[in-house]
Structures are given as C-alpha cells and as structure tokens.
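Engineer: My questions will all concern the structure given below.
The values are calculated or read from the model by the stated rules, or taken from the named source; none is laboratory data. Everything quoted here is computed from the prediction, not taken from an experiment. Methodologically, a virtual Cβ is constructed for each residue, glycine included, from the backbone with ideal geometry; neighbour enumeration extends over all protein chains shown.
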Amino acid sequence: MKRHVLLLLTALLPPAFAQAAPPSYNAMLEGFTYPWPVNEFTFESQGKTLSMAYMDLKPQQPNGQTLVLMHGKNFCAATWENTARELVAQGYRVILPDQIGFCKSSKPEGYQFSFQQLALNTHDLLTQLGVAQATVMGHSMGGMLATRYALMYPQQTQRLVLVNPIGLEDWKALGVPWQSIDKSFQGELKTTFDSIKKYQQSTYYAGEWKPEYDHWVNMQAGMYNGPDKEVVAWQQAQTTDMVYNQPVVYEFPHLKMPTLLLIGDKDNTAINKALAPDALKPSLGNYPELGKRAAEAIPHATLVNFPHLGHSPQIQDPQAFNRALLGWLKQG
C-alpha cells in the first residue's frame, strides 16, 4: 500500500522535481546553442569538402592581440565561454574553433586524424581570417594540439598556454596497453549522461558538483543520445587512438615561445588508464609532478598550480583561472 501511495505522490510532483529527459542532438550538435554566432570555414582536406565551425569574437576596444582557444576531446568551443567572455572584455580578439570530428564541425568518414592535420586545418582557418600571429591556448587534448601547432608554426605562435594538457607523459612507453579503435568504439557506445557525469565529477571537478555543470554533460551526452550516435562514437574512438599514439612530450624542449602552464593539481587524467596494470595505475596522471616536469622541459615556461582544482580549472573556478591567465598575458 505504501509503495502505491509513493508512486502516486511521485506522479503528482510538479515538473521542476521530475527528472528531465536527456537531450538528443545529431552529429553536428544541432539544437545545442552556443553563446555567440557560429561561422563555417569550408575547405578541402583528404579529398573531402569539410566544414569547420568557429566563433570569432571581436572586442569593442581592441588591444591588437588575438587568442585562439583549442578545446579538449570531451569538450567543444562553447566550453571556453567564461574565459572567452573575460578575454573579450579585456580587449582581446578570441577565435574558438570546433576541430574536425568534434561538436558542430564535420564528422568525415575515413578521415585520418593527426595533430598535424588538425593544426593545419586551424592554420588555414586563421590565414583566411587574416590572423598572422596569435597566442594559442589549448585545454586537455587541445593542449596536445596547441603544442603541435606551436611546433609547426612557431612564427605564428606569439605565446602558448596549456591548461591541464593531456600528453604530459607517454602512456604507451610507460606500459599502458593499446586498445583497438574497434574496441574503443564499443566502449564509446555505452556512454550515457550518468557515466559522463560520474567521470566529470571525479576528474574535472575534484569530486565537487554544481548544477551548472549539467549543461556541459548534456552537450556531450546529447550526441550519444541522438540519431548519429555511432558516427560520434566512431570519431571519438579514432581520436582516442590519435592521442595515444602521437605523444608531444618529447618535443617540449623545442618550444621557443613564452609558455604558460595552468595546472589543476587534482586532475588524474590518463588515456587507457583503466587498462593499465594495477601496479602502474597509481603513478599515472600525477598532475602536480607532470606539470613540474613539463615546466622544466619547456625553455620559457611559467607554471601556475591550482591545488584544489581538477581537470577543468577554467570552469570550476573561472575567477582564479582568469586572474592567473590575464596576469601573465599582461606581462607582455
């Protein structure tokens, strides 16, 4: 009897207390609104006509400097919202691309993903926009891409900012097993809102959770809940393979431009960590140590640690993050 009463009361709860249905987005993330107008850069690559989505924010009182913000693997250009808003307010032009294979950009079948290819795509976009020099900032996987971009185009990279970049260690060389794209694809197909939220809470936000974080879970989960789930999952599997097999850590000494490392110390990200031997797992993704090592390897590096923040310090504590970033940028 009590169970029937409970069910009846649940049915009568107002909509605000009911669990919302998960969103559903197609492979181009249609229906998820970005904070600014989205433009398209159309170009040819690997025999295909592709569309690269991007936002180009121009300040009312420009200071003559441009920043290019590169998103991570489980992120989109829109997740830079707080940072971009503050940068524009300070007079910076900000360009935020969605890389090919991600978010609102093309998901080409049979595309060979490499950081060199994504860097070339981004360079071509900036050339079309008339940007000869920029500060390049990358978060997570975007940190690996920003590093590759800076190595390929040192004359166009005025400064480099790496925000909890992955790839500060070579997982393959350390003994983390490789996983085939097919196997990774099967794992991606199991992705749900709950699995994304659980991972983000433990890794991105150091165990904390705020209601506004659900917005970014919905952004990612909506594509896995949409009609193009398999397309999205396959692209994610391909880019996981790219990250695992294309380390940049050995080339840090070749970075000649001023570089800022912004590191949330509670991060523990490591590709294929779940597959690693038990004896190896505790040593992987040690960001306080990895950040220190990276700063020692990069010739002109400044290291800023956020002791209580996780993988996404720019979202978890935007005030502290923006203060550190702008302080360094304004030093010249």
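Engineer: For the stretch 92-138, which residues satisfy the criterion of being outside any strand (DSSP E or B), under 17 Å from SER51 (Cα atoms), in contact with a helix residue (DSSP H, G or I) (Cβ under 9 Å, 6 or more places away or on another chain) and among the hydrophobic types (A, V, I, L, M, F, W, C)?
Structural biologist: ILE100, PHE102, CYS103, PHE113, LEU118, ALA119, LEU120
Engineer: Within 17 Å of PHE75 (Cβ to Cβ) and among the acidic types (Asp, Glu), is that true of GLU208?
Structural biologist: Working: within 17 Å of PHE75 (Cβ to Cβ): no; among the acidic types (Asp, Glu): yes.
No.
Engineer: Tell me yes or no: at least one residue of the stretch 149-166 is touching an Asp or Glu at 6+ places or on another chain (Cβ under 8 Å), at pLDDT 95 or above and within 22 Å of MET70 (Cβ to Cβ).
Structural biologist: Of the residues in the stretch 149-166, the ones touching an Asp or Glu at 6+ places or on another chain (Cβ under 8 Å) are 151, 164.
Now narrow it down to the ones that are at pLDDT 95 or above: 151, 164.
Keeping just the survivors that are within 22 Å of MET70 (Cβ to Cβ) gives 151, 164.
Yes, the conditions are met somewhere in the stretch 149-166.
Engineer: Quick check: anything in the stretch 253-270 over 27 Å from LEU87 (Cα atoms), over 18 Å from the mean Cα position of the chain (by Cα) and at pLDDT 95 or above?
Structural biologist: Checked against the condition, which is being over 27 Å from LEU87 (Cα atoms), over 18 Å from the mean Cα position of the chain (by Cα) and at pLDDT 95 or above, the stretch 253-270 yields at least one hit.
Engineer: Next question. Going through the stretch 224-236 one residue at a time, which ones are aliphatic (A, V, I, L, M) and either under 12 Å from THR191 (Cα atoms) or not in a helix (DSSP H, G or I) (or both)? Steps first, please.
Structural biologist: Going through the stretch 224-236, the residues aliphatic (A, V, I, L, M) turn out to be 231-233.
Answer for the stretch 224-236, where residues must be aliphatic (A, V, I, L, M) and either under 12 Å from THR191 (Cα atoms) or not in a helix (DSSP H, G or I) (or both): VAL232, ALA233.
Engineer: For LYS292, indicate whether it is free of Cβ contacts under 8 Å to residues at least 60 places away in the same chain, more than 19 Å from the chain's Cα centre (by Cα) and either closer than 21 Å to TRP216 by Cβ or surrounded by fewer than 20 Cβ atoms within 10 Å (Cβ to Cβ) (or both).
Structural biologist: Details: free of Cβ contacts under 8 Å to residues at least 60 places away in the same chain: yes; more than 19 Å from the chain's Cα centre (by Cα): yes; either closer than 21 Å to TRP216 by Cβ or surrounded by fewer than 20 Cβ atoms within 10 Å (Cβ to Cβ) (or both): yes.
Yes.
Engineer: If a residue has to be among the hydroxyl-bearing types (Ser, Thr, Tyr) and out of contact with any Pro (no Cβ under 7 Å at 6 or more places or on another chain) to count, how many in the stretch 84-108 make the cut?
Structural biologist: Keep residues of the stretch 84-108 that are among the hydroxyl-bearing types (Ser, Thr, Tyr), which gives 92, 105-106.
Adding the requirement that they be out of contact with any Pro (no Cβ under 7 Å at 6 or more places or on another chain) leaves 105-106.
Qualifying residue count, the stretch 84-108: 2.
Engineer: Within the bounds of the stretch 180-196, is there any residue that is modelled with pLDDT of 95 or more, charged (D, E, K, R) and in contact with a strand residue (DSSP E or B) (Cβ under 7 Å, 6 or more places away or on another chain)?
Structural biologist: No, the stretch 180-196 contains no residue that is modelled with pLDDT of 95 or more, charged (D, E, K, R) and in contact with a strand residue (DSSP E or B) (Cβ under 7 Å, 6 or more places away or on another chain).
Engineer: Within the stretch 235-250, does at least one residue satisfy the condition of being of a type in the set (D, E, K, R), touching a helix residue (DSSP H, G or I) at 6+ places or on another chain (Cβ under 9 Å), over 24 Å from TYR111 (Cα atoms) and surrounded by 15 or more Cβ atoms within 10 Å (Cβ to Cβ)?
Structural biologist: no
Engineer: Turning to a different aspect of this structure: Quick check on this structure: which one of TYR92, TYR111 is surrounded by fewer than 22 Cβ atoms within 10 Å (Cβ to Cβ) and hydroxyl-bearing (Ser, Thr, Tyr)?
Structural biologist: Values: TYR92 fails: surrounded by fewer than 22 Cβ atoms within 10 Å (Cβ to Cβ).
Testing whether each residue is surrounded by fewer than 22 Cβ atoms within 10 Å (Cβ to Cβ) and hydroxyl-bearing (Ser, Thr, Tyr) leaves just TYR111.
Engineer: Would you pick out the residues in the stretch 274-316 that are touching a helix residue (DSSP H, G or I) at 6+ places or on another chain (Cβ under 6 Å) and closer than 19 Å to TYR205 by Cα?
Structural biologist: LEU284, VAL304, PHE306, LEU309, GLY310, HIS311, SER312, PRO313, GLN314
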